[in-house]
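Read the structure below first, then the notes.
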Amino acid sequence: MSTPTQILRSLLHELRQASPNKCIKNNLAANYILAQFKKYQTTDQTLCKAREEMKFLGKTYLCYLQSLRRHAEIHKEYHGRGERTVKETADIVGFKLPTDPK
């Protein structure tokens, strides 16, 4: 099971990946996420429903950021770049071209 700390670290990692200069020191989203996690920080002896909600929201946003990054990678790889050769197309779908022995 993911702890809130692991979720927070993963969220910050994904924000860093999405940032053009790979720095999130002055990023408003990162500052907001850190403030929310600090706001709902509790001890182990206290039951806090809001903390569980923060954990759920953190996992949801983490899934969203990871999906956005993966979508961009897939789009970049498979987006049409004009005409492809038969070999390139076969490589994309996982086929091998038959060899012509001479």
Residue pairs meeting the criteria (Cβ under 9 Å; at least 6 apart or on separate chains; first modelled with pLDDT of 85 or more, in region 72-91; second among the charged types (D, E, K, R)): A90/K96
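Quick one: count up the residues across region 3-17 that are surrounded by fewer than 16 Cβ atoms within 10 Å (Cβ to Cβ) and among the charged types (D, E, K, R).
Total meeting the criteria: 2.
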Inspect region 14-27 for any residue being without any contact (Cβ under 8 Å) to a residue 12 or more places away in the chain and over 24 Å from the mean Cα position of the chain (by Cα) and give the result as yes or no. no
Quick one: in region 7-59, which of the residues that are of a type in the set (S, T, Y) and either in a helix (DSSP H, G or I) or over 22 Å from A72 (Cα atoms) (or both) is modelled with the lowest pLDDT? T43
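The values are calculated or read from the model by the stated rules, or taken from the named source; none is laboratory data. None of the values given here were measured: they were computed from a predicted structure. Methodologically, a virtual Cβ is constructed for each residue, glycine included, from the backbone with ideal geometry; neighbour enumeration extends over all protein chains shown.
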